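**Student:** This is the structure, below, for whatever I ask next.
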Amino acid sequence: MAIIKVQKGTKDILPTEMPLWHFMEEKALEIFTKYGAKEIRTPIFEATELFARGVGDTTDIVNKEMYTFEKSERSLTLRPENTAGVVRSFIENGMHRLSAPVKLWYKGPMFRYERPQAGRQRQFHQVGIEVFGIKQPTADAEVILMAINYLKALGLNDLTVEINSLGCPNCRENFKTQLKSVIKPYLSELCPDCQERFEKNPLRLLDCKVTECKEIYAKPEIQKVIQGDFICEECSEHFNELLGYMDELGIKYERNKLLVRGLDYYNRTVFEIKSNNLGSQNAVCGGGRYDSLVKNLGGENTPAIGFAMGMERLASLLEGKQEEKLTAYIVSNNTREAIKLTEELRSKGISCEFDLTNKKFVKQLEKASKVAKYALILGEDEIASGKITIKNLETSEQKTVKIEELSL
Ligand code: HAM
């Protein structure tokens, strides 16, 4: 019979990879808790309308990439990202009444019907954070710090922070008009996606990856508009204050005026953190400020900012990390004593196993050296004298101690 295979763009996370995933998850809890953030878990599917209104109906995500289905005449969608879901929950649970800032973090699977390639899947995982209630750039600085410190805690330092300000709806409108007027003469030469974006969402023209379009946008008259400072005085103050905090904290960043992000809800600060070791899908983190989203989804006017990171991309940067070993493996042909000791050690928080099939002593020792840091040898002599032999499997050092003095 033909075997059924995993779906294109999805992956099993196998037991051998789990230590890495646990590590990423544990560090998220540790680091985000230090910043006063609380974990939230929202449903995997939501009303389709949440994403259409939240993420934006001019985006690729909403137009092309959603897993949408109907049940009982309701249109439902597997979440393509989690900002919209967290905002829905924030509103529904009256979290605006909590004292600001409200800091929520999450982890879990997201679904986008994209063309799979290295670093891009159809089901992938994000770890992310959303901070509500603060309009000052101190929140922007803190959110970027949270991202950087989480990455540092994972051992990832060699990354580039790119940052930009998209201004507010007012100043952006003016920019869009200028941009359209310089690009219009080349409209027929642009790729079909850009031709569509030209009317619907001209800012997105800037991050087109098609060479011909990029060449057009590199023309001097277009660059002049892109590189010019279009943001208004207030937006500019906000941005400069943020950059001031970044300088103060020694956070290196690159200003990238082409950074516009692929979701519609952003205003002012947007940022991405990129790695040079990931090929074309090189963003490990994307985020920004979305001051109108809570109101647009029916809540009180609440400024907010957040980010999300792709966990598969983090995992591929961390791949060299060693699989975790057990602390101890009991080597003994006395299964009664072995099972008792194993349980006793586990109750003290020590990870350990013994041979459930009671294989030959030598075989057990071989197994121990593969899976554990220490072999705890409990032969008949040891049992008779109430002792145990501890063998350090890295250094091969060995000592025999009284069983009640056993410490690892
Ligand atoms: P995003 O840029 O769409 O932003 O996704 C954030 C990160 O998720 C990306 O930088 C990437 O690492 C990962 N990612 C996205 N799509 C895929 C994919 N198909 N396969 C593997 N990894 C992927 C958001 O989702 C926003 N909700 C971030 C945010 C939170 N903004 C404010 N708050």
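**Student:** I need every pair where a residue in the range 93-108 that is over 30 Å from Phe124 (Cβ atoms) has its Cβ under 9 Å from the Cβ of a residue that is hydroxyl-bearing (Ser, Thr, Tyr), sequence separation at least 6 or different chains.
**Tutor:** Going by the 9 Å Cβ cut-off, the qualifying pairs are His96/Thr302; Ala100/Thr302.
**Student:** Every residue in the range 219-239 that is touching a strand residue (DSSP E or B) at 6+ places or on another chain (Cβ under 9 Å) and within 12 Å of Pro137 (Cβ to Cβ), please.
**Tutor:** Here is the first cut: in the range 219-239, the residues touching a strand residue (DSSP E or B) at 6+ places or on another chain (Cβ under 9 Å) are 231, 235-236, 238-239.
Of everything in the range 219-239, those that are touching a strand residue (DSSP E or B) at 6+ places or on another chain (Cβ under 9 Å) and within 12 Å of Pro137 (Cβ to Cβ) turn out to be Cys235, Ser236, His238, Phe239.
**Student:** Which of the strands (runs of 3 or more DSSP E) found entirely inside the range 294-408 contain at least 1 residues meeting this: open to solvent by 90 Å² or more (accessible area, probe 1.4 Å)? Working first, answer last.
**Tutor:** Values: elements: 304-310, 326-331, 352-354, 372-377, 387-392, 398-402.
So the answer is 398-402.
**Student:** I need a count of the residues in the range 1-21 that are in contact (Cβ under 8 Å) with a residue 40 or more places away in the chain, exposed (fewer than 13 other Cβ atoms within 10 Å of the Cβ) and more than 25 Å from Tyr113 (Cα to Cα).
**Tutor:** First, pick out the residues of the range 1-21 that are in contact (Cβ under 8 Å) with a residue 40 or more places away in the chain: 7-11, 16-17, 19-21.
Remaining after also requiring exposed (fewer than 13 other Cβ atoms within 10 Å of the Cβ): 7-8, 16.
Among the residues that remain, those that are also more than 25 Å from Tyr113 (Cα to Cα) are: 16.
So the answer is 1.
**Student:** Please work out if Asp140 is touching a Leu at 6+ places or on another chain (Cβ under 6 Å), among the acidic types (Asp, Glu) and more than 8 Å from the ligand (Cβ to nearest atom). Outline the logic, then answer.
**Tutor:** Working: touching a Leu at 6+ places or on another chain (Cβ under 6 Å): yes; among the acidic types (Asp, Glu): yes; more than 8 Å from the ligand (Cβ to nearest atom): yes.
Considered against the rule, which asks whether it is touching a Leu at 6+ places or on another chain (Cβ under 6 Å), among the acidic types (Asp, Glu) and more than 8 Å from the ligand (Cβ to nearest atom), Asp140 comes out as yes.
**Student:** Looking only at the range 212-262, which residues are under 21 Å from Ser188 (Cβ atoms), more than 29 Å from the chain's Cα centre (by Cα) and exposed (fewer than 15 other Cβ atoms within 10 Å of the Cβ)? I'd like the intermediate steps shown before the answer.
**Tutor:** Initial filter on the range 212-262 (under 21 Å from Ser188 (Cβ atoms)): 212-223, 225-226.
Narrowing the set further to residues that are more than 29 Å from the chain's Cα centre (by Cα) leaves 212-213, 215-223, 225-226.
Within the range 212-262, Glu212, Glu215, Ala218, Lys219, Pro220, Glu221, Gln223 meet the criteria.
**Student:** Right, something else. List pairs: first residue in the range 212-229 and farther than 13 Å from Lys257 by Cα, second residue modelled with pLDDT of 90 or more and open to solvent by less than 100 Å² (accessible area, probe 1.4 Å) anywhere in the structure, Cβ distance under 6 angstrom, at least six positions apart or on different chains.
**Tutor:** Within 6 Å, the pairs are Cys213/Leu190; Cys213/Cys191; Cys213/Cys194; Ile216/Tyr186; Glu221/Val182.
**Student:** Separate question: Checking the structure you have, find out if any residue of the range 37-55 is farther than 27 Å from Leu205 by Cα and open to solvent by less than 10 Å² (accessible area, probe 1.4 Å).
**Tutor:** Checking the range 37-55: at least one residue is farther than 27 Å from Leu205 by Cα and open to solvent by less than 10 Å² (accessible area, probe 1.4 Å).
**Student:** Here's a follow-up. Does Ile61 satisfy the condition of being open to solvent by less than 60 Å² (accessible area, probe 1.4 Å), away from the ligand (no atom under 13 Å from the Cβ) and of a type in the set (A, V, I, L, M)?
**Tutor:** Numbers: open to solvent by less than 60 Å² (accessible area, probe 1.4 Å): yes; away from the ligand (no atom under 13 Å from the Cβ): no; of a type in the set (A, V, I, L, M): yes.
Considered against the rule, which asks whether it is open to solvent by less than 60 Å² (accessible area, probe 1.4 Å), away from the ligand (no atom under 13 Å from the Cβ) and of a type in the set (A, V, I, L, M), Ile61 comes out as no.
**Student:** Return the only residue of Ser99, Ser75 being more than 26 Å from Thr10 (Cβ to Cβ), open to solvent by 40 Å² or more (accessible area, probe 1.4 Å), assigned by TED's automatic domain parsing to the domain that holds Asn267 and at pLDDT 95 or above. Outline the logic, then answer.
**Tutor:** Numbers: Ser75 fails: more than 26 Å from Thr10 (Cβ to Cβ).
The unique qualifying residue is Ser99.
**Student:** Please go through the range 280-320 and give me each residue that is under 11 Å from the mean Cα position of the chain (by Cα) and more than 9 Å from the ligand (Cβ to nearest atom), ordered by number.
**Tutor:** The answer is Ala315, and nothing else.
**Student:** On to the next question. Quick check on this structure: which one of Leu376, Leu314, Leu318 is touching a Ser or Thr at 6+ places or on another chain (Cβ under 8 Å), in contact (Cβ under 8 Å) with a residue 12 or more places away in the chain and at negative phi?
**Tutor:** On the way: Leu314 fails: touching a Ser or Thr at 6+ places or on another chain (Cβ under 8 Å); Leu318 fails: touching a Ser or Thr at 6+ places or on another chain (Cβ under 8 Å).
When all the criteria are applied, what remains is Leu376.
**Student:** Of the residues in the range 104-120, how many are small (Gly, Ala, Ser) and near the ligand (Cβ under 9 Å from one of its atoms)?
**Tutor:** Residues that pass the stated criteria total 1.
**Student:** Restricting the range 280-290 to residues that are over 18 Å from Pro80 (Cα atoms) and in a loop (DSSP other than H, G, I, E, B), which is least open to solvent (accessible area, probe 1.4 Å)? Break it down into steps so the answer makes sense when it comes.
**Tutor:** We begin by selecting, within the range 280-290, every residue over 18 Å from Pro80 (Cα atoms); these are 280, 282, 289.
The next check asks that each one be in a loop (DSSP other than H, G, I, E, B); those that pass are 280, 282.
On the way: Ser280: 90, Asn282: 49 Å².
Checking each candidate, the answer is Asn282.
The values are calculated or read from the model by the stated rules, or taken from the named source; none is laboratory data. Nothing here was measured: the structure is a model prediction, and the numbers come from that model. Positions of Cβ are generated from backbone atoms using ideal geometry, with glycine treated the same way; all protein chains shown enter the neighbour counts. Accessible surface areas use protein heavy atoms only, side chains included; no ligands, DNA or RNA. Shrake-Rupley method; radii C 1.70, N 1.55, O 1.52, S 1.80 Å.
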